[in-house]
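**Q** If you scroll down you'll find the structure; I have some questions about it.
The values are calculated or read from the model by the stated rules, or taken from the named source; none is laboratory data. Here the structure is a predicted model, which means the values were calculated and not measured. For neighbour counting, all protein chains shown are included, and Cβ atoms are generated from backbone atoms with ideal geometry for every residue, glycine included.
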Amino acid sequence: GAVVSQHPSWVICKSGTSVKIECRSLDFQATTMFWYRQFPKQSLMLMATSNEGSKATYEQGVEKDKFLINHASLTLSTLTVTSAHPEDSSFYICSASAPETSGSYEQYFGPGTRLTVT
Amino acid sequence: GDSVTQMEGPVTLSEEAFLTINCTYTATGYPSLFWYVQYPGEGLQLLLKATKADDKGSNKGFEATYRKETTSFHLEKGSVQVSDSAVYFCALKPTPSGTYKYIFGTGTRLKVLA
């Protein structure tokens with residue numbers, strides 16, 4: 001159980017275009033989803049936290065107008081990179097949070113999406 | 001604030017060698033602790049976890065013990081294989097309950113040679 005998928009797994013787009021990445025919790029309802037960015041050989045950088053039905057909370061330094069996050073349902077969150085530029089090329093990972101029987105909330109990670117902007 | 005410190009990599013070992021990857025943390029309260037593994041080109045997979053002091057998490061021959069007195073959660077494996085080559089992340093969840101952001105270490109790259 002607790003499987004998270006991402007689509008697409010990789011995408012190449014031209015500079016100036018927008019690209020949408022989907023994150024789905026396949027077998028559970030996720031009240032909260034997180035979006036991370038990972039640069040080569042580096043750790044994960046949290047970009048934003050999204051709760052279903054409300055606006056995402058962005059981390060300091062992340063442009064909310066560039067990285068649009070929508071969490072329209074308990075099983076789907078999307079990240080749209082608007083007007084993409086080569087410096088937006090990165091590995092984007094989402095995670096979904098669901099309550100455990102203990103009452104705690106763990107994050108379950110998707111497989112990641114590699115974005116290359118040419 | 002809360003933080004996680006991992007040993008710098010890369011770590012290069014021969015097959016069947018003993019592995020230790022150090023992880024220490026700073027946190028208030030009673031955090032949960034995790035080790036994640038990331039294989040090349042893939043997302044993160046939970047390797048093991050511990051939610052309270054003296055808990056030992058184990059999986060696939062890896063183990064780590066939550067040591068509150070030394071604020072550590074070192075990852076160990078008695079005999080590594082080439083297939084264990086990956087990046088390992090230590091992570092902390094600041095509170096044991098409720099939705100909360102994870103704090104990740106910088107990751108330690110492990111390379112196992114045949």
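**Q** Looking only at residues that are within 9 Å of chain B (Cβ to nearest Cβ) and at pLDDT 90 or above in region A:73-107, which one is surrounded by the fewest Cβ atoms within 10 Å (Cβ to Cβ)?
**A** Among those residues, the one meeting the criterion is A:91.
**Q** Of the conditions (1) buried (at least 17 other Cβ atoms within 10 Å of the Cβ); (2) within 13 Å of chain B (Cβ to nearest Cβ), residue A:60 fails just one. Which one is it?
**A** Going through the list (1) buried (at least 17 other Cβ atoms within 10 Å of the Cβ); (2) within 13 Å of chain B (Cβ to nearest Cβ), residue A:60 breaks only (1).
**Q** Within the set of pairs 6+ apart or on separate chains, which have a first residue in region A:103-116 that is under 13 Å from residue B:34 (Cβ atoms), a second that is at pLDDT below 90 and among the charged types (D, E, K, R), and C-beta atoms under 7 Å apart?
**A** As it stands, the answer is A:106/A:100, since those pairs meet every condition given.
**Q** Here is a follow-up. Going by the structure shown, is residue A:17 farther than 15 Å from residue A:110 by Cα and part of a loop (DSSP other than H, G, I, E, B)?
**A** Judged against the criteria, residue A:17 is a match.
**Q** May I pose another question? Out of the residues in region B:24-58 that are among the polar types (S, T, N, Q) and surrounded by fewer than 20 Cβ atoms within 10 Å (Cβ to Cβ), state the one that is modelled with the lowest pLDDT.
**A** So, considering only residues that are among the polar types (S, T, N, Q) and surrounded by fewer than 20 Cβ atoms within 10 Å (Cβ to Cβ), the one modelled with the lowest pLDDT is B:28.
Yes/no per residue for (1) in contact (Cβ under 8 Å) with a residue 24 or more places away in the chain; (2) under 11 Å from the mean Cα position of the chain (by Cα); (3) assigned to a loop (DSSP other than H, G, I, E, B):
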{"residue": "A:27", "(1), (2), (3)": "yes, no, yes"}
{"residue": "A:35", "(1), (2), (3)": "yes, yes, no"}
{"residue": "A:42", "(1), (2), (3)": "no, no, yes"}
{"residue": "A:49", "(1), (2), (3)": "no, yes, no"}
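**Q** Could you please find all residues in region A:11-41 being at positive phi and within 14 Å of chain B (Cβ to nearest Cβ)?
**A** A:41
**Q** Shifting gears a bit: Assess whether residue A:118 counts as being more than 13 Å from every other protein chain (Cβ to nearest Cβ) and touching a Cys at 6+ places or on another chain (Cβ under 9 Å).
**A** Here the answer is yes, as residue A:118 does meet what is asked.
**Q** Also: In region B:9-58, what residues are charged (D, E, K, R) and more than 12 Å from chain A (Cβ to nearest Cβ)?
**A** The answer is B:15, B:16, B:54, B:55, B:56.
**Q** Same structure, new question: Is it true that residue A:69 is in a strand (DSSP E or B) and at the interface with another protein chain (Cβ under 9 Å from one of its Cβ atoms)?
**A** Considered against the rule, which asks whether it is in a strand (DSSP E or B) and at the interface with another protein chain (Cβ under 9 Å from one of its Cβ atoms), residue A:69 comes out as no.
**Q** I would also like to ask the following. How many of the residues in region B:72-101 are more than 10 Å from chain A (Cβ to nearest Cβ) and surrounded by fewer than 16 Cβ atoms within 10 Å (Cβ to Cβ)?
**A** Residues flagged as more than 10 Å from chain A (Cβ to nearest Cβ) and surrounded by fewer than 16 Cβ atoms within 10 Å (Cβ to Cβ) within region B:72-101 amount to 6.
**Q** In addition: Quickly run through region B:53-110 and pick out the residues that are farther than 17 Å from residue B:38 by Cβ and aromatic (Phe, Trp, Tyr).
**A** Once the filter is applied, which keeps residues that are farther than 17 Å from residue B:38 by Cβ and aromatic (Phe, Trp, Tyr), region B:53-110 yields B:66, B:73, B:100.
**Q** If residue B:104 passes every condition in (1) modelled with pLDDT of 95 or more; (2) within 13 Å of chain A (Cβ to nearest Cβ); (3) under 15 Å from residue B:23 (Cα atoms) but one, which one does it miss?
**A** (1)
**Q** Cβ contacts < 8 Å: first residue touching a residue at least 24 places away in the same chain (Cβ under 8 Å), restricted to region B:57-84; second residue part of a helix (DSSP H, G or I), any location; separation 6+ or different chain. Result?
**A** B:77/B:84
**Q** If residue A:63 meets every condition in (1) free of Cβ contacts under 8 Å to residues at least 40 places away in the same chain; (2) within 13 Å of the chain's Cα centre (by Cα); (3) part of a loop (DSSP other than H, G, I, E, B) apart from one, which number is that one?
**A** (2)
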